[in-house]
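Quick notes on the structure that follows.
All of the numbers you see were taken from the coordinates with simple rules; none came from a lab. This is a predicted model, so every value here is computed, not measured. Cβ: placed from backbone, ideal geometry, glycine included. Neighbour counts: every protein chain shown.
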Amino acid sequence: MSIIKDLKPFFEPKSIAVIGASNRPGSVGYVIVEQLKKKFHGKIYPVNPKYSEVLGLKAYPSILSIPDEVDLAVIALRAPLVPKVVDEAGRKGVKAVIVVSGGFSELGEEGAKLERELAETAKKYGVRVIGPNCIGILDNYSGVDTFFLPEDRLKRPPKGSISIISQSGAMLSMWIDWMALKGLGLSKAISYGNKVDVDDVELLEYLRNDPNTKIILMYIEAFKPGRGSEFIKVARRTVLEGKPVIVLKGGRTSKGARAAASHTGAMAAGYNIYRAAFKQAGIVEVDMMDEMFDVAKAYLMIGPVYGRRLLILTNAGGEGVIASDYAEKYGLDVPEIPEDIQEKLRRKLPPHVIVRNPVDLTGDTDDERYRIVLEELLPLNLFDAVVVITPPHPPSIKGIVVEYLANAWRKYKVPMVAVVTGGAISEEFAKKIEEKGIPAYQTPERAVRVIAALAEYGMYLKSRGRSGAHA
């Protein structure tokens with residue numbers, strides 16, 4: 001619990017000092033104060049000897065001149081000034097500092113020397129540090145927002161239950177903006193940069209105990225030396241308690257690792273070591289950025305998948321074939337429907353419908369064919385998940401299929417994702433499906449990969465006697 005106590009001032013401070021606060025619109029120090037004024041309900045202390053006031057708030061020449069206690073300090077100054085200011089923060093009794101400034105180990109030996117000085121100063125006073133070279137924290141519940149990008153450049157998502165830990169601030173910013181566009185709810189987002197002190201392991205432990213977080217997404221370039229085993233331990237505990245951890249690993253190739261070293265000063269070990277660690281901990285590793293959010297959305301809507309038997313139901317034969325290919329690629333099984341069940345389906349469906357699996361309702365289908373197949377198959381415990389490919393283009397599709405899918409999901413609780421390919425009409429159709437609690441994707445590849453990821457997570461839980469865990 002000491003980690004929770006140590007990190008709490010970052011997320012739930014009663015007061016924040018912004019060192020390097022500014023009245024110059026668009027500057028880092030201006031935007032941070034502006035964002036905090038909008039949402040943070042505690043005290044805000046701008047610090048800059050040039051000003052007596054910043055954005056209507058009384059400003060102070062140094063953090064030592066603030067008459068009250070300060071829980072969190074955000075430093076937005078040139079790198080050479082940072083160690084001295086951290087020393088002042090330590091003398092003031094501040095316990096948490098976010099250093100958004102760059103110019104440290106990512107630039108080479110001179111910057112690394114500054115970074116060591118920063119770390120030694122913080123350690124002297126027991127000050128915990130996030131950064132440097134980061135954008136810090138966005139907490140949708142406490143109102144802490146140190147992201148120095150204004151809202152006309154970076155939209156903020158609504159409150160929700162997805163939390164993100166990212167070594168890259170720029171990538172995190174793009175994800176936050178995308179989440180806002182899609183209406184995906186955010187709990188917390190943390191950029192930790194060069195992690196001179198607080199690292200991904202401690203942040204993961206904090207989020208494991210956060211009641212507002214139900215799923216954790218991570219972008220990792222490299223662990224600190226010797227921290228891999230601790231990460232596995234914390235991640236495994238998090239996963240088994242019902243919070244999936246989804247990781248995108250940067251620096252998987254030699255050139256990627258070299259880029260990571262110049263980005264955040266990260267020295268990446270061989271990728272195979274990371275891959276084995278993720279598997280051991282029950283982490284779902286993804287290959288692409290959009291895949292992280294595909295899986296997160298599906299988990300929050302339908303939960304884990306506790307097996308690999310997949311039913312593919314389609315009105316487009318080609319998409320059924322592609323879904324089958326990707327199912328095999330990702331280790332899912334597409335078992336043929338037993339002959340006696342096929343015979344029942346044939347009696348209820350037109351003779352040209354293919355009922356083996358994939359079940360191809362063909363391009364002249366109506367809504368009713370979907371209902372018949374789902375009602376016949378889902379009660380039989382033949383399948384662990386369903387991919388329903390339902391582009392709305394056939395003239396006989398009237399949209400009632402949306403209700404049929406929703407009813408089948410509510411009634412039988414077999415995890416289900418939809419594939420709705422096409423343009424504007426399909427987008428609207430997909431929204432209607434998602435309003436009923438079923439995740440929808442534009443391609444069969446994405447839908448199948450989501451099921452595979454949820455099955456990977458579900459099977460890990462099941463293998464450890466934890467099936468049924470769902471935050």
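Remark: the chain carries a charge dipole of roughly 1180 debye about the Cα centre, counting +1 on each Lys and Arg Cβ and -1 on each Asp and Glu Cβ.
Of all the stretches in the chain, which is the longest one without any exposed loop site, taking GluC sites (Glu not before Pro) in a DSSP loop (any state but H, G, I, E, B) with at most 15 other Cβ atoms within 10 Å? Provide the component values of the computation, followed by the final result.
On the way: sites that count: Glu69, Glu151, Glu241, Glu336.
Within the chain, the longest run free of exposed GluC sites (Glu not before Pro) spans 337-471.
A viscosity of 1.567 mPa s and a temperature of 4 °C, combined with the Kirkwood radius over C-alpha pairs in the Stokes-Einstein formula, give region 324-471 a diffusion coefficient of 80 µm²/s.
Measuring r between the beta carbons of Glu403 and Glu53 and using R0 = 60 Å, the FRET efficiency lands at 0.55. For region 75-116, a Kirkwood hydrodynamic radius built from all Cα pairs, placed in the Stokes-Einstein relation at 10 °C and 1.306 mPa s, yields a translational diffusion coefficient of 149 µm²/s. Only alpha carbons enter this Debye calculation for region 1-111, each as an equal point scatterer, and the log10 of I(q)/I(0) it gives at q = 0.10, 0.22 Å⁻¹ is -0.28, -1.24.
Of all DSSP beta bridges located in region 2-286, what percent are antiparallel, nearest 5?
Numbers: 7 of 42 bridges.
Percent antiparallel among DSSP bridges in region 2-286 is about 15.
From the P(r) of region 273-328, can you give the percent of Cα pairs sitting at distances over 17 Å? Could the numbers behind the result be given before it?
Values: 932 of 1540 pairs.
Of all Cα-Cα pairs in region 273-328, 61 percent lie more than 17 Å apart.
From least to most packed, judged by other beta carbons within 10 angstrom and beginning with the fewest, Asp325, Asp68, Asp152 follow the order Asp152, Asp68, Asp325.
Among Ser105, Ser173, which comes first, second and so on when ranked by fewest other beta-carbon atoms within 10 Å? Before the final figure, lay out each step's value.
Details: Ser105 24, Ser173 20.
Ascending Cβ contact count within 10 Å gives the list Ser173, Ser105.
Principal axis extents of the C-alpha atoms in region 405-471 (largest first, rounded to whole Å): 44, 26, 17. Straight-line cross-link partners of Lys432 among the lysines, defined as a Cα under 16 Å from its Cα and at least 8 positions apart when in the same chain: Lys182, Lys297, Lys398. All Cα-Cα distances of region 138-224, cut into 10 Å bins from zero to the largest, leave 17, 55, 26, 2 percent in each bin in turn. Distance from the C-alpha centroid of region 335-395 to that of region 284-308: 25 Å, rounded to the whole angstrom.
Quick one: pull the percentage of alpha-carbon pairs in the chain with a separation above 28 Å. It would help to have the intermediate numbers written out before the result.
On the way: 61352 of 110685 pairs.
For the chain, the fraction of Cα-Cα distances above 28 Å is 55 percent.
Using 21 Å as the Cα-Cα cut-off, could you pick out the over-long pairs in Lys43/Lys95; Lys344/Lys462; Lys39/Lys159; Lys411/Lys436? Can you show the working numbers first?
Values: Lys43/Lys95 16 Å; Lys344/Lys462 33 Å; Lys39/Lys159 12 Å; Lys411/Lys436 13 Å.
Exceeds cut-off: Lys344/Lys462.
Could you work out [θ]222 nm for the chain from helices alone, using -39500 (n - 2.57) per DSSP H run of at least four and dividing by all its residues? Round to the nearest 500 deg cm²/dmol.
-13500 deg cm²/dmol
Annotation: the residues Thr421, Thr146, sorted from fewest to most other C-beta atoms within 10 Å of their own C-beta, follow the order Thr421, Thr146. With a simple spin-label model that places each label point 7 Å from the Cα along the Cα-to-Cβ direction, the separation between Ile372 and Ile341 comes to 1.7 nm.
Using alpha carbons only, how many angstrom separate the centre of region 124-203 from the centre of region 44-83? Their Cα centres are 21 Å away from one another.
When DSSP assigns beta bridges and you keep just the ones with both residues in region 303-463, what percent turn out antiparallel, to the nearest 5? Walk me through the numbers on the way to the answer.
Working: 2 of 16 bridges.
The answer is about 10 percent antiparallel.
Between the beta carbons of Glu120 and Lys38, assuming R0 = 25 Å, the FRET efficiency works out to 0.10 to the nearest 0.05.
Would you please give the FRET efficiency between Ile354 and Glu230, computed as 1/(1 + (r/R0)^6) with r the Cβ-Cβ distance and R0 = 56 Å, to the nearest 0.05? Before the final figure, lay out each step's value.
Numbers: r = 52 Å, r/R0 = 0.92.
It comes out at approximately 0.60.
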